[in-house]
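Quick note: the coordinates plus some simple rules give every number you see, no bench work behind them. Since we're looking at a predicted model, the values are computed, not measured. Positions of Cβ are backbone-derived with ideal geometry, glycine not excepted, and every protein chain shown enters the neighbour counts.
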Amino acid sequence: VTAARSERDRLAGRVLDRLPAGVLAIDDAGRIAYTNRSARELLDNDAAATRCEGQPIGDWFRCDPPLPLASRDLEQPERRFTTTLRTVDDRTVGLGLSVTSLPGDAAIERLLIFREIPDTNAQMVEAILGSSSGALASLAGEFIHRLRNPLTAIRGLADLLALESAPDSPTSEYAARLLGAADRIERFIRDFARLSGIEPPRREHISVRELARIAIASIRDRDQRAGQIVVQEENLDRTLHCDREQFSQALSELLLNALESGSPAAEVSVRAALGSATPPGRTSRIGIEVADRGTGVAAADIRRTFEPFYSTKAERSGLGLSIAYGYVHHHGGSLELTRREGGGTLARIDLAEVAS
Amino acid sequence: MGTRILVVEDDDSVAFPLQVFLERSGYDVDLAADKARAEELLAGTRYALVLADLRLRGAHNREGLELLARVRIVSPGTRTILLTAAADERPDGEAFLREADLLIRKPQPLPVILTEIRRLIAEAQP
């Protein structure tokens, strides 16, 4: 009987290890009791030869929103939700997750089954960028050109209307509203042109200080509070090898997003952060971080923020962060948004550093 | 006789407000919808400034630029502005500026265009 049971356990283990989904069991002390191969691939840090089994779940499964592990959550037999996991090697991964409660079993009190959700932002932006030199880009170019001519006519007529109407008359207000709407369409067209026509970067050596200066100067006319943004001095003279225009634009999109988050402008800051955990032999990386104390992004939405047309602000095109993502991605860098403790958002561009 | 400007634009809905606005601002304005008509007008009239759209009716989408290159030769004292609605964020601006004094992207507020026209004409005067 023992031999038969042991053979069955071995078989069960092999079956579980072949599942594309991660399976993880937690004991009643909150430690990881079992992981299948998919779970280990996601959680274990092979470089540091650390293993998650036997360790407290909270140390290894850092996700936002967090796992429902309070004792009252045991009453619910199963929960399904999506979350963002930060792995031990500091990647963020979207997960679709189910937590099943098995009260009364000390060895397995909860069972987690999860699968990685593909990064739709990257896929979508990649699809657009990949076609930059192709048919979609030229179609978009023609579309933009044809849209701009009638828009120029509307804008011109509204200018004339404004000129002809008495100050404070209803006609003057109509003209002002017409001009406002025309400007909004143009902002949208301009952002769309940027996104659909992203060119390969023209790289040069440029310091983080210079990038921050250009980015802040470029948004002064769109948000007068730009002057209050705090640029932290540390590491500012570190040098990146990047396209001056694209990177400063990416940074200004992140700054505008921070200023429009409801954060006091003086709480919006830019800093250059050195990669803390660069493995030996790999190029050092540098982060440019934009932090705010605004309303933040709901955990469920944080992975959608770079999707084209995703915006919670009516006056924005919903393309600004996609453009930033596209520029950074084209440089081989990464861009991430995370929620800050105490409220607000942290946007981090991560790119290889070149020697100063 | 007032200062004369030639507006070369094949889209009447764009040309109309521009013409009215410039006339109200004190200029005499002639309109041409294509390159051939613009060349006819240029042969008989001296213009202080020619403002042309980059893409006019034609085969290769650069008729406005070709026209301004011709203006440089036949009327070197005439100032030129090229208008474009192109999507390209980084067009070959320097190449355009070999033929035109200024590149203006559509849409622009008419008062902004007027300011640039006044500046260019003032600079050309001895």
- In the Gaussian network model of chain A, springs joining C-alpha atoms below 10 Å, which of A:Leu85, A:Leu97, A:Leu157 carries the largest mean-square fluctuation? A:Leu157
- For chain A, set up a Gaussian network in which alpha carbons nearer than 10 Å are linked by springs, and say which option among A:Gly13, A:Gly227, A:Gly294 fluctuates the most. A:Gly13
- Is the shape of the range A:180-264 rounded, prolate or oblate, going by the alpha carbon gyration tensor and its root eigenvalues a ≥ b ≥ c, with a/c under 1.5 for rounded and a/b larger than b/c for prolate? oblate
- Sorted from fewest to most neighbouring beta carbons within 10 Å, what does the list B:Val112, B:Val29 look like? B:Val112, B:Val29
- Query: Out of A:Ala162, A:Ala193, A:Ala215, any idea which swings most in a Gaussian network model of chain A, alpha carbons joined below 10 Å?
  - Reply: A:Ala162
- So for R0 = 60 Å, FRET eff. of A:Asp73-B:Asp12 from the Cβ-Cβ r, to 0.05, ends up at 0.30
- Query: Once the Cα atoms of helix A:120-130 and of chain A are each reduced to a long axis, what angle between those two axes, in degrees from 0 to 90 to the nearest 10, is obtained?
  - Reply: 50 degrees
- Query: Normalised by the number of residues in chain A, what is the relative contact order in percent for Cα pairs under 8 Å and 6+ residues apart?
  - Reply: 13 percent
- Query: Along the charge dipole of the protein assembly as shown, which of B:Pro107, A:Ile108, A:Pro77 sits closest to the positive end, that is, farthest toward it, with unit charges on the beta carbon of Lys, Arg, Asp and Glu (+1, +1, -1, -1)?
  - Reply: A:Ile108
- Note on the structure: Its Cα gyration tensor gives chain B an equivalent ellipsoid whose semi-axes in whole Å, largest first, are 19, 16, 15
- Task: Averaging over all projection directions, find the projected area of the Cα convex hull of the range A:158-308 and quote it in nm² with one decimal place.
- Result: 12.7 nm²
- DSSP bridge pairs, the protein assembly as shown: antiparallel proportion in percent, nearest 5: 75 percent
- Note on the structure: Note on the range A:1-82: the mean projected area of its alpha-carbon convex hull, in nm², is 7.2 nm²
- Item | Helix A:208-219 axis, angle to chain A major axis (alpha carbon atoms, nearest 10°) | 50 degrees
- Item | Expected 222 nm ellipticity per residue - DSSP helices of 4 or more, -39500 (n - 2.57), all of the protein assembly as shown, to 500 | -12500 deg cm²/dmol
- Message: With just the Cα atoms defining each centre, how far is the range A:198-255 from the range B:1-67? Give it in Å.
- Response: 40 Å
- Please work out the Kirkwood hydrodynamic radius for the protein assembly as shown, using every pair of different C-alpha atoms, and report it in angstroms with one decimal place. 26.7 Å
- Once the Cα atoms of helix A:135-164 and of chain A are each reduced to a long axis, what angle between those two axes, in degrees from 0 to 90 to the nearest 10, is obtained? 40 degrees
